[in-house]
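A.B. asks: The structure follows.
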Amino acid sequence: MTKVAKVDWETAASVASRLSGQYPLAGTYHERKFALMAPELVARASDLVAAETGLELPGHPNVGVVSRADWVAANIGAFTALLAPLREAMDEVETSEISEASSGDPATSHSSPVTVVGSRVLGAELGAVLGFLSRRVLGQYELVVPTGDDEVGDSVFFVGANVLAMERAHEFRPSQFRFWVALHECAHRAQFTGIPWMRPYFLSLVDELTERRSREKGKMARIAAEMMEARERGDDPIGDTGILGLFASDEQREVLDRVQALMSLLEGHGHVVMDRVGEREIVDVRRMSAVLTSRRKDPKAAAIMRLIGMEMKLKQYDLGAAFIRGVEQKASWDALAMAWESPEALPTLSEIEDPAAWLNRMAG
């Protein structure tokens, strides 16, 4: 097994902290009041999501309102795993440079400055991603990341500063906006707890992404050539998957396609569910939905989102929601239950853009 470059955690934390910024109401009584009402919002949302989807939500999750720094700390492990292709590319550069500098002397390799620089570059990359996202995430359902003691984390939490900022910027009624966010996270909880195979399948994809690595001579030269060819064709040299997809091997790109298909389905399903329930329960839901859609397309953030591969996630909302609505239009809302039968029943990336093709395959 090839080794993978390490991440400088101190650099990652420092960069994330600088980029996450401060919000004046963070840590005030506004956030504490939010924390007191959050469990009731999640309980109500859970009941409505279960009725809407037919998926059972067992027990009660941990519910909390966290800071941006807390969100970064909770997600740093997951993002480290997903940056595996980039870490491997840095490892290749490190190994090549060390080999040339030391002429095969292992004693020299341990103190190589390339190792330190590569580690810090990875730390800065991870910190930049987390710091940027920590200012935008409103809520999160945490089940896919183990808690560290082999127990499964089952938590719904809100990033208090970001929710408060959105409410004040757009004059949303707090109780309704927070409930709407809770609907989305409870929809994800239904997907991962109401479908027994979903969590292990998702984790298996993450494992494949990190395990499907092999030493590739000239990887950096290949990537540079591919970028030049894309520019000559007039294509985006980075693409929807950002740096992650750029540095991925062919085997990892195949896994990324499956990850993208799955997340498109889950994000689209969650978005449609929150809007369907919201139409009945929230007076201002259409304006809320329009604001979040506009926020995802903000040109100021588009360049950064594209670079780090989050443009793929933004498209997941639209593609996934279109798939869900397409299936409902061509068959029925209940027909979506076929997707939860097994991993093999999940739509492929091409089927996400062609609901009829998925329906035909399932009918066959």
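The values are calculated or read from the model by the stated rules, or taken from the named source; none is laboratory data. Not measured: the values here are computed from a predicted model. Positions of Cβ are backbone-derived with ideal geometry, glycine not excepted, and every protein chain shown enters the neighbour counts. Ligands, DNA and RNA are stripped out before the accessible areas are found, and what is left, the full protein with its side chains, is counted by its heavy atoms. Shrake-Rupley method; radii C 1.70, N 1.55, O 1.52, S 1.80 Å.
A.B. asks: Got a number for the accessible area of TYR29? Probe 1.4 Å, square angstrom, nearest 10.
C.D. replies: The accessible area comes out at roughly 130 Å².
A.B. asks: Using 0.36 nm per residue, how much length does the chain from ALA335 to ALA73 gain when fully extended, once their Cα-Cα distance is taken away?
C.D. replies: Full extension from ALA335 to ALA73 adds 90.4 nm.
A.B. asks: Given labels modelled 7 Å from the Cα in the Cβ direction, how far is it in nm from SER294 to ALA322?
C.D. replies: Distance between the two pseudo-spin positions: 2.2 nm.
A.B. asks: Counting only other residues whose beta carbon sits under 10 Å from that of SER155, what net charge do I get with K and R as +1, D and E as -1?
C.D. replies: -2
A.B. asks: Ordering GLU267, GLU328 by how much accessible area each has at a 1.4 Å probe, largest first, what is the list?
C.D. replies: Correct descending sequence by accessible area is GLU328, GLU267.
A.B. asks: Subtracting the Cα-Cα distance from 0.36 nm times the residue separation, let me have the gained length for GLN22 to ALA345 in nm, one decimal.
C.D. replies: 111.9 nm
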